[in-house]
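No value in this document is a laboratory result; all are computed from the given coordinates. On a predicted model such as this, the values are computed, not experimentally measured, just so you know.
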C-alpha cells in the first residue's frame, strides 16, 4: 500500500498532515512523516518503497530517526477498533 497512492500532490495530502503521529516532527516533510508513521499503523518491522531516486530513498530512511508518538497512535486506533467491534 502506498501512503500517497503514487501521488503526493493529491488533495488529501493538502488537508492531512501525517506529522501528527510523530514526536518532534516539525523539521521533516509529509512524505517522510507518512513513511515513518507507516511503521506504527499497525506496528511493522519493514516497509517497502520503490524509487529510482537515491535522494528520495535517503530522505525516507532519514525519517527513521524520528519517533512515533505512541499516545497519538493509540488515540487513532481507538475509533478504528470500536468500529470493527460494531
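What residue among 45, 70, 17 has the largest mean-square fluctuation in a Gaussian network model of the chain, using Cα springs under 10 Å? Comparing 45, 70, 17 in the GNM, the peak value goes to 45. Based on alpha carbons, the Rg and Dmax found for the stretch 22-72 are 10.8, 35 Å.
For residue 56 and residue 14 in one chain, what is 0.36 nm times their gap in residues minus the Cα-Cα distance, to one decimal in nm?
Numbers: separation 42, 0.36 × 42 = 15.12 nm, distance 1.99 nm.
That pair, residue 56 and residue 14, stretches by 13.1 nm at full extension.
Counting only alpha carbon atoms, the long axis of helix 70-85 and the longest principal axis of the chain meet at about 50°.
Using a cutoff of 8 angstrom between alpha carbon atoms and counting only pairs six or more residues apart, the relative contact order for the stretch 11-85 works out to 35 percent.
Computed over the Cα atoms, what is the radius of gyration of the chain divided by 2.2 N^0.38 Å, N being its residue count?
On the way: Rg = 13.5 Å, N = 86, 2.2 N^0.38 = 12.0 Å.
That ratio works out to 1.13.
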